[in-house]
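*Asks:* Right, I'll just put the structure down here and ask away after.
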């Protein structure tokens, strides 16, 4: 049954792509990423999950499981179709919702765009994306759709026209952070007949791939658009790279860069962002690589309600600390093994030395043999001294490793105390925890000043 559903949906997608290939018209409501993050990635977000892909792939935001809202501003002189001069203002929201025992996410978007004093575009978008709808051998497949109410007004003549458009998309999650996205935008190719020109929202087909790891993201899109602004259909290849710079207390910084190469428009994009708990602010700029170089700018503010990023950061620190702890235990075990080998060697050398001494006593009159035995004895004594020095060095190293182990254990207990403090534990509980920490690590040779200072602050 699931295979039949999957085959039917793929046939529908192929039919839409076939019909869209023959459409050509003037353009309005082009495919532009929602916020500054998408702009910084050169709009290569067809397979990038999250709010940034709402206007590019309606299936890409199903994985958002917390309520999110955002405001976005974009000022640009270039789109994927060619030259432009516009200002865009958007407000968006994502709301997780369950229908018929199936998880998904609803998306809402309001966008106002002013095209260089020539036209005004207004968009109201309502979308829904599934979450883990179909499990296949290749991965998890999800689908989504956007219904858009579009309004276009000519500022000079005052003429206006309204229409609607439909976007559909799919995303395949391959595992290990790898996703493949496919979307079709403005599949009904709505017409806007206003003076002095007739415009159509272009039919757009997008295919994308994304690899999203803990600290970086890499994406690439191929885009095909029907004719726009009086030109023939256009193609573009977009790619983007994002890297996260994590800090312990000061949130997460990120940088991104993108490159868009098209037959009618190319640009270099760069951006940065700062995230602290549930709030994230983005900025990016775009520099066209063809014709006049006019820098575009984009700013976004996103708020994630109910986010618990501080816990994920704490878990990451704990995992890192456990890794260090495991490595330290391995080093201690290896040191103990080497120490045992050296002790056995020392015992063997001592026995051999005693035997040689007895031999020298028996053969004191045999000068040649005595001389050779003395040389061998000196060599053995030197080896014994060297082994003794190595043993002392290993004992010092072992003591230092034990001290490091105590430091890591203190760090682990201190992190647990900070979690209790962040969680709003009462002062009596905090005093008790600090008292146990101080009593456990006092006079063991490690620095516990931060615990004693914290206890003094709580007592005051």
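The values are calculated or read from the model by the stated rules, or taken from the named source; none is laboratory data. It should be emphasised that the depicted structure is a prediction, and the values quoted were computed from it without experimental measurement. For neighbour counting, all protein chains shown are included, and Cβ atoms are generated from backbone atoms with ideal geometry for every residue, glycine included.
*Asks:* May I ask you to verify whether residue 81 is within 22 Å of residue 205 (Cβ to Cβ), part of a strand (DSSP E or B) and either more than 23 Å from the chain's Cα centre (by Cα) or without any contact (Cβ under 8 Å) to a residue 12 or more places away in the chain (or both)?
*Replies:* When the stated conditions are applied, residue 81 does not pass them.
*Asks:* Moving on. Looking at residue 220 and the list (1) out of contact with any helix residue (DSSP H, G or I) (no Cβ under 9 Å at 6 or more places or on another chain); (2) at pLDDT 85 or above; (3) closer than 29 Å to residue 149 by Cβ, which single condition is not satisfied?
*Replies:* The one condition residue 220 does not meet is (3).
*Asks:* Among the residues of region 437-447, write down those that are farther than 19 Å from residue 401 by Cβ and surrounded by 13 or more Cβ atoms within 10 Å (Cβ to Cβ).
*Replies:* Result: 437, 438.
*Asks:* From the list 264, 186, 238, which one is closer than 24 Å to residue 125 by Cα, crowded, with 16+ Cβ neighbours inside 10 Å and either under 16 Å from the mean Cα position of the chain (by Cα) or in the same structural domain as residue 144 (by TED's automatic domain parsing) (or both)?
*Replies:* 186
*Asks:* For region 144-161, name all the residues that are modelled with pLDDT of 90 or more and surrounded by fewer than 20 Cβ atoms within 10 Å (Cβ to Cβ).
*Replies:* The answer is 145, 147, 149, 151.
Here's the yes/no breakdown for (1) closer than 21 Å to residue 346 by Cβ; (2) touching a helix residue (DSSP H, G or I) at 6+ places or on another chain (Cβ under 7 Å):
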{"site": "365", "(1), (2)": "no, no"}
{"site": "376", "(1), (2)": "yes, yes"}
{"site": "383", "(1), (2)": "yes, yes"}
{"site": "392", "(1), (2)": "yes, no"}
{"site": "395", "(1), (2)": "yes, no"}
{"site": "402", "(1), (2)": "no, no"}
{"site": "406", "(1), (2)": "no, yes"}
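*Asks:* Ok, one more. Inspect region 195-204 for any residue being within 27 Å of residue 167 (Cα to Cα), in contact with a helix residue (DSSP H, G or I) (Cβ under 6 Å, 6 or more places away or on another chain), assigned by TED's automatic domain parsing to the domain that holds residue 56 and not in a strand (DSSP E or B) and give the result as yes or no.
*Replies:* Yes, region 195-204 has at least one match.
*Asks:* While we're on this one: Taking region 317-335 as the region of interest, how many residues are more than 16 Å from residue 408 (Cβ to Cβ) and modelled with pLDDT under 80?
*Replies:* 0
*Asks:* Could you tell me whether residue 124 is assigned by TED's automatic domain parsing to the domain that holds residue 285, more than 27 Å from the chain's Cα centre (by Cα) and in a strand (DSSP E or B)?
*Replies:* yes
*Asks:* Within region 114-134, can one find any residue that is closer than 22 Å to residue 239 by Cα and without any contact (Cβ under 8 Å) to a residue 40 or more places away in the chain?
*Replies:* Within region 114-134, none of the residues are closer than 22 Å to residue 239 by Cα and without any contact (Cβ under 8 Å) to a residue 40 or more places away in the chain.
*Asks:* Could you say which residue among 61, 86, 126 is closer than 25 Å to residue 221 by Cα and in contact with a helix residue (DSSP H, G or I) (Cβ under 7 Å, 6 or more places away or on another chain)?
*Replies:* Values: 86 fails: in contact with a helix residue (DSSP H, G or I) (Cβ under 7 Å, 6 or more places away or on another chain); 126 fails: in contact with a helix residue (DSSP H, G or I) (Cβ under 7 Å, 6 or more places away or on another chain).
Within the list 61, 86, 126, the selection yields 61.
*Asks:* Just to be sure before I move on: is residue 43 closer than 21 Å to residue 283 by Cβ and either in contact (Cβ under 8 Å) with a residue 60 or more places away in the chain or out of contact with any strand residue (DSSP E or B) (no Cβ under 8 Å at 6 or more places or on another chain) (or both) in the structure I sent?
*Replies:* Judged against the criteria, residue 43 is a match.
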